[in-house]
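Read through the structure below, which is laid out as structure tokens, and then see the notes.
We did not get these values from a lab; they are worked out from the coordinates using the rules stated. A quick note: this is a predicted structure, and the numbers were derived from the prediction, not measured. Note: ideal-geometry Cβ built from the backbone for every residue, glycine included; neighbour counts use all protein chains shown.
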Amino acid sequence: LDPSLDVWDLSSPLLSLWINRFYIYLGFAFGLSLWIFFQIVIKKQAKNSQTSIPKATQDLMTNDYISLHKKQIFVSGVKIFYGSQTGTAKGFAALLAEAVTSLNLPVEVINLKEYDPDDHLTEEIASQNVCAFLVATYTDGRPPESAEWFCRWLEDAASDFRFSKTYLKGMRYAVFGLGNSAYLSHFNKVGKSVDKWLWMLGARRVLARGEGDCDVVRSKHGSIEADFMAWKAKFISRLQVLEKGENKSCGSHCKKGKCESKSPGSEEETEPGSHPQHGSQPRDPEEEEPWESSSEEESGPDEHLSLNSVVDVEDLGEIMNRMKKEKREKDHREGNTSLFRNTGKSDGSEGRAMITPALREALVKQGYQLIGSHSGVKLCRWTKSMLRGRGGCYKHTFYGIESHRCMETTPSLACANKCVFCWRHHTNPVGMEWRWKMDQPEMILKEAVENHQNMIKQFKGVPGVKPERFEEGMKVKHCALSLVGEPIMYPEINRFLQLLHHCKISSFLVTNAQFPAEIINLKPVTQLYVSVDASTKDSLKKIDRPLFKDFWQRFLDSLKALAAKPQRTVYRLTLVKSWNVDELQAYAELVSLGHPDFIEVKGVTYCGESSASSLTMANVPWHEEVVRFVRELVDLIPDYEIACEHEHSNCLLIAHRKYKIDGEWWTWIDYNRFQELIQEYEDSGESRTFRAEDYMARTPHWALFGARERGFDPKDMRHQRKSGSKNIAGH
């Protein structure tokens, strides 16, 4: 063979590879790319499968083998937003922050007044925070001033087509509302609205809305504080679940019984009341609005079945029996409640106490001596003044009350109004009917007198206190049922008045003109007051902020009922500058409706700044302004004249001319004569009535309007005790 041919044959494969080197390079590059692709896929699968690895296994891999991935964080912190008017929501926010801190989670408390949702709310989408909103409902269902802008922005965003219905998708939140079910038409309206608006914008609710109720009777746990503590416990429990990456349903009764969630840790949870869809679909607020429930109404998994549950036929009987039993129990509870409300009476075992622990603490700080579950007594500053031999209150000037012997009390701390000038800063409960546990009048009077005497005893030996005044002060002679609240709401008010009169204690009862039927049924009192805080429907609503929807008709009916009373009656006008001082003609018309014996006109007393009221010192009229108002009012009511003045209290008395006899005013009261008349009234079986003119006494000159001297002359009091009243039945 030719040697050259052998060499050619040996090198031909190398030549072939050289000639086809391009295809070889291409195949190598393709293989390398395929290998890299598979490596990326494998790593992604390992990352996604990390959340499904049990925590114990992850710890084992970290400690003993190798840490494949950094531990995922499901809750990075909690932001607590509050909107408060009186400070309750702010206090709750602090308590919630303290509880969250115990979980070693970062927490931030934010006043909604200082928060701009337009700039910062979307930050919560990817922050892994859980947002808690604590918002109160204020007058007429409006948010408190601090939350007005936030609520307005949220409402506009939820209804604005330019905002995507997934605008807040990924944000996690929970809402606790603060309200009072006495205002039934807008109970917790703000909390419900915030919950709805956040949901409509795509945010994800992690816990059903909580509803705190100031009404201790309707409150699920007995007080708004207890309602919050129950919701807080559930919120903390829910946080612990979320921290572990578990993503259960919100726990509320979602519409149509559905509440679905996806894999643990996923933010793509189907919202309660909605249905899983492909792609992003806007939520219809009418069709898919979350079921209105509170966190207090959550049930266990075995208590309710969804519509998609499969039930065996043999289980139907058991399920129906359980449902019937629950319905009977519910009807029984509602029946008992209805019976209790209609009768308004209790043997002490029914109903809840009006005074909650938190309310008790607040009232005690204000100097109240609380009695039982709904009454209180407090020492008036004029009582202290007269014990020292100084001047008395305006009731002393106008009617001859001995201020150091006057007990200021109430058998009902509850009221049907939330007046802007309330001198108790709305610490008392509100209600439209008696729904609380009821204490007996004998116990209330006994403890009221004992507590009053104990407060008087504290002045024994105090420098300046007159020994004779101290001894007199230990014997209660007058009772001012005007401390706070609405005494006429107390179901046993007539029995309480009767006990007062048996103890020779005169009665001065004040009502806010919202209970005309009770005024009609009221037994005789020494003097009956009606607060006339405004003369038009709009101004009355603005100033008194009544609970009743028919408050104006109730107000007018109360004045008509007052006109039918034969004993002494009084209109009490509180002037609030820039609010009700320009309604003279309307006031004159109200006078002609109720025909009161007297009209007290007093400038509002400023009791300090209160978040529950916008009242300031600018609303307090000068005494000269009150005098001018009274003069102008008297010109419109011809049967009345100005009788007395108590400049220190910024108060004047307008009296009917029948109390001016032979040029002298007889506005004072002969209290001994009143006790004789009330005894005759009861002994006759209530058939022997008496009139206001039957127990009046002469007014001393120093008490009259325009008198130069303003001091108290003890001789005048002794004179009234000896001479008694002048019976002018035929005058």
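Side notes on the structure shown:
- Annotation for the stretch 145-188: trypsin sites (Lys or Arg not before Pro) lying in DSSP loop with at most 13 further Cβ atoms inside 10 Å of their Cβ are Arg162.
- The magnitude of the dipole of the stretch 77-244, with charges of +1 and -1 set on the Cβ of Lys/Arg and Asp/Glu and taken from the Cα centre, is near 700 debye.
- Distant-in-sequence amide contacts of Leu573, defined by a placed amide H-H separation under 5 Å and a gap of 5 or more residues or a different chain, comprise Val532, Glu600, Val601, Lys602.
- Extension reserve of the Ala563-Val364 stretch, reckoned as 0.36 nm per residue once the Cα distance is removed: 67.8 nm
- Links that overshoot a 21 Å alpha carbon limit, given the list Lys113/Lys537; Lys537/Lys565; Lys165/Lys192: Lys113/Lys537; Lys537/Lys565
- Extension gain, Leu556 back to Ile40 (0.36 nm per residue minus Cα-Cα distance, nm): 177.5 nm
- Residues whose amide H comes within less than 5 Å of that of Met696, counting only those at least five positions distant or on another chain, are Asp670, Lys726 (H built at 1.01 Å from N in the peptide plane).
- Ranked by the mean number of other Cβ atoms within 10 Å per residue, highest first, peptides 634-642, 76-84, 231-239 order as 76-84, 231-239, 634-642.
- Rounded, prolate or oblate (a/c below 1.5 giving rounded, otherwise prolate when a/b exceeds b/c) for the stretch 91-159 by Cα gyration tensor: oblate
- Pairs from the list Lys542/Lys577; Lys384/Lys477; Lys395/Lys602; Lys90/Lys542 with a Cα-Cα gap above 20 Å: Lys90/Lys542.
- Projecting the Cα positions of Tyr394, Ala448, Gly663 onto the charge dipole of the stretch 366-703 (unit charges on Cβ atoms of Lys, Arg, Asp and Glu, taken about the Cα centre) puts Ala448 furthest along the positive direction.
- Amide H contacts under 5 Å for Arg352, placed H, 5+ residues apart: Lys437
- The charge dipole of the stretch 149-204, taken about its Cα centre with unit charges on the Cβ of Lys, Arg, Asp and Glu (plus for the first two, minus for the last two), comes to roughly 200 debye.
- Each peptide in 462-474, 550-562, 664-676 receives the mean, over its residues, of other Cβ atoms within 10 Å, and ordering these scores from highest gives 664-676, 550-562, 462-474.
- Each residue of the stretch 450-458 was assigned a 3J(HN,Hα) from its phi angle through the Karplus expression (A = 6.51, B = -1.76, C = 1.60, θ = phi - 60°), giving 5, 5, 4, 5, 5, 6, 5, 4, 5 Hz with x at Gly and Pro.
- Descending by average beta-carbon neighbour count within 10 Å, the peptides 383-389, 683-689, 97-103 line up as 383-389, 97-103, 683-689, the highest first.
- Length gained on full extension, Leu17 to Gln458: 147.0 nm, using 0.36 nm per residue less the C-alpha separation.
- Per-residue ³J(HN,Hα) for the stretch 493-508, Karplus 6.51 cos²θ - 1.76 cosθ + 1.60, θ = phi - 60°, Hz, x for Gly and Pro: 4, 5, 5, 5, 5, 4, 5, 4, 5, 5, 8, 6, 10, 6, 10, 10
- Loop-located chymotrypsin sites (Phe, Trp or Tyr not before Pro) in the stretch 188-229, at most 14 other Cβ atoms within 10 Å (DSSP): none
- Computed from label points 7 Å out along Cα-Cβ, the spacing between His595 and Glu450 is 4.5 nm.
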